[in-house]
Amino acid sequence: MKSSGVDGLIWRLAVVLSHVIHSLGGLPAAAHLWHEVVLELRFRWDNAILVPGIGSGSPDLASTLLHQKLQMLNCCIVRRRAREKSMSKSNNDEVDDEDEFYECEEEMEEEEKSNGSRPSWDKPEGRLKRCGKLRLIKTNEQLFIPYTQEPAPMTEDRLEEHADVLLRLGTDTVGSQLRARMMSASLLSDMESFKAANPGAVLEDFVRWYSPRDWIEDASDDPSQPPCGNLSARMLIPGNMWKEVWNNAKPVPARRQKRLFDDTREAEQVLHWLASMGPGTVCSHLQPIILHASLCRLAEEKTLFSLPAPNSLPQPCHSNTLATILEMIAQRVVRLSRQPPDSKKYQEVIEQITEVETCIARAQSVRHKLLGDTTESHTSSPLALEELVLRLLNSPEVILDGGPRGPAAAVIRKLFQQARRASMLVDDSPQENPSTNEGRRSSMSSNHAGTASELGRPAGREYLLRTLVPAPAPYSRPVPHRMFAVILQNEFRLAGAYSQDTTFC
């Protein structure tokens, strides 16, 4: 199902869980299966093994919450691998630096004095690369881009919790300060990394790299001179948060900072969330995925765009095809997935999907009966037969093109012949010999039931007489008259409609 836009792992889990509930023990078996799934996820986290079939990037907020949680777990595993690799590399570098320091201590001090370089405790750390031709304003040294921490990814429920916390802080001075501190955690980390990579830098240097639009640079003809310019108006507002954060920032490289994203804590929260769910909660999280898979499968049918929507389904204003109805159902499923689970609303959606599937199955059945084995013998008029299928689905009665000898009539005649042969195979009544067949026909004819033909035995006979004669007098204008008769096995009906000339009567 990956090709249809449904996540493979979640879809397989939904199928297996449904099979277990219906065929292998019900809810207790489903609870045991989910417990095994959680244990497997715990094993993968403990051993830093990615969950297969799930992306390792930030959680996709357009997917279901269960999928977001599994993405978060993979993201924690990736961050843990990178952190452990960085720690291992940094420990090896420290060992090498210590060996080099003790062997060349005197030589390095002499080099610092002669070249006027910075002391060892003030040397830059965490440099990634040069930032073009930018130079520091005060020291005129090269400006370097630092290694920074990646922003902390969040799932949908965590974003809502974070927003609720910010709203509960209020609008007073203390609450505003706490809110600014929570929102500026990433900014503080970047500033500390920048200070560590660029000793002697000022806020203007950081703004030139981090937010170039807030730096208004003066024209200068000498690129060797320190840059001249000033901050934007919003940066000069009294009480600006950037200035406060810059003053509180210390020169600390990213690898020594407090982690913005604690992968261990986040992974444990994901595993606890998964382990605390019962079978019913798991099914409620899997329900949107199953509906998504059903809609994707129905969308693959080509007849969806030509079939009319049944009257029992909600009718759109601009189009009444099943494709439009399916799009409306998909939009409703998206809205339901963003709300607390409601079994009644999901049941309504399932009934609508069932009706769409029934319409498609009916169309496929009619098409197979009329075109399944006859396209080779009627290749001269396949379009006419396709139109006949659509007309049969749209109205209870249709007129056959070409009359009783046309290609459509031949197909229908053969269909009746196949149905008659099938009914004779399952008929348990004794077979009549040809000698008595004529007598049976005469008997049935006398009972007005009709004789057997290639279309099968008729249920009755209908007669329709039309004429155009003068009435009520011979000199009146000719007017239409109609008489209709029905002869069934135990019923006879006769109806007439007569008209008169009211002008020349």
Return a yes/no flag: does the range 350-357 have any residue that is closer than 30 Å to E160 by Cα, part of a helix (DSSP H, G or I) and at pLDDT 85 or above.
-> yes
Return the residue satisfying two criteria in turn: it lies in the range 255-271 and is outside any helix (DSSP H, G or I) and among the basic types (K, R), and of such residues it is least open to solvent (accessible area, probe 1.4 Å).
-> R259
Checking S186 against (1) part of a loop (DSSP other than H, G, I, E, B); (2) under 20 Å from N248 (Cα atoms), which test does it fail?
-> (1)
Members of the range 51-84 that are surrounded by fewer than 16 Cβ atoms within 10 Å (Cβ to Cβ) and under 24 Å from the mean Cα position of the chain (by Cα) = P52, G53, S56, G57, D60, L61, A62
Could you please tell me which pairs satisfy a Cβ distance under 7 Å, a separation of 6+ or placement on different chains, a first residue in the range 147-160 that is within 15 Å of S184 (Cα to Cα), and a second residue that is surrounded by 17 or more Cβ atoms within 10 Å (Cβ to Cβ) and of a type in the set (D, E)?
-> T148/D190
With respect to L166, determine if the residue is in a helix (DSSP H, G or I) and at pLDDT below 85.
-> yes
Name every residue in the range 43-64 that is over 11 Å from L9 (Cβ atoms) and either out of contact with any helix residue (DSSP H, G or I) (no Cβ under 6 Å at 6 or more places or on another chain) or among the aromatic types (F, W, Y) (or both), in order of residue number.
-> F43, R44, W45, D46, N47, I49, G57, S58, D60, A62, S63
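A quick yes/no check of all residues on (1) in contact (Cβ under 8 Å) with a residue 60 or more places away in the chain; (2) closer than 29 Å to S211 by Cβ; (3) open to solvent by less than 20 Å² (accessible area, probe 1.4 Å):
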position	(1), (2), (3)
N230	no, yes, no
A233	no, yes, no
L236	no, yes, no
M241	yes, yes, no
V245	yes, yes, yes
A249	yes, yes, yes
P253	yes, yes, yes
W273	yes, no, no
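Can you confirm whether L143 is touching a residue at least 60 places away in the same chain (Cβ under 8 Å) and either open to solvent by less than 50 Å² (accessible area, probe 1.4 Å) or among the aliphatic types (A, V, I, L, M) (or both)?
So L143 fits the description; yes.
Here is a yes/no grid of residues against (1) of a type in the set (D, E); (2) modelled with pLDDT under 85:
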{"residue": "V207", "(1), (2)": "no, no"}
{"residue": "D221", "(1), (2)": "yes, yes"}
{"residue": "R234", "(1), (2)": "no, yes"}
{"residue": "P238", "(1), (2)": "no, yes"}
{"residue": "A249", "(1), (2)": "no, no"}
{"residue": "L260", "(1), (2)": "no, yes"}
{"residue": "A267", "(1), (2)": "no, no"}
{"residue": "W273", "(1), (2)": "no, no"}
{"residue": "S276", "(1), (2)": "no, no"}
Please find, among R135, R118, the residue that is closer than 30 Å to W215 by Cα and modelled with pLDDT of 85 or more.
-> R135
Which one of these does T303 not meet: (1) more than 30 Å from E351 (Cβ to Cβ); (2) at pLDDT below 80; (3) polar (S, T, N, Q)?
-> (1)
Residue count, the range 126-149 (criterion: assigned to a strand (DSSP E or B) and out of contact with any Pro (no Cβ under 8 Å at 6 or more places or on another chain)) = 7
When you go through A323, A384, A330 one by one, which is the residue that is part of a helix (DSSP H, G or I), modelled with pLDDT under 75 and at negative phi?
-> A384
Scan the range 49-72 and report the pairs whose first residue is acidic (D, E) and whose second residue is part of a helix (DSSP H, G or I) and surrounded by 15 or more Cβ atoms within 10 Å (Cβ to Cβ), with Cβ atoms within less than 9 Å and a gap of 6+ or a chain change.
-> D60/H67; D60/Q68; D60/Q71
Checking V174, V202 in turn, the sole residue that is open to solvent by less than 50 Å² (accessible area, probe 1.4 Å) and among the β-branched types (V, I, T) turns out to be V202
Is at least one residue of the range 396-403 at pLDDT 50 or above, part of a loop (DSSP other than H, G, I, E, B), open to solvent by 50 Å² or more (accessible area, probe 1.4 Å) and among the small types (G, A, S)?
-> yes
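The values are calculated or read from the model by the stated rules, or taken from the named source; none is laboratory data. Bear in mind that the values here come from a model prediction, so they are computed numbers and not experimental data. Don't worry about glycine lacking a Cβ; one is built from the backbone with ideal geometry, like all the others, and counts go over all protein chains shown. With ligands, DNA and RNA removed, areas are computed over all heavy atoms of the protein, side chains included. Shrake-Rupley method; radii C 1.70, N 1.55, O 1.52, S 1.80 Å.
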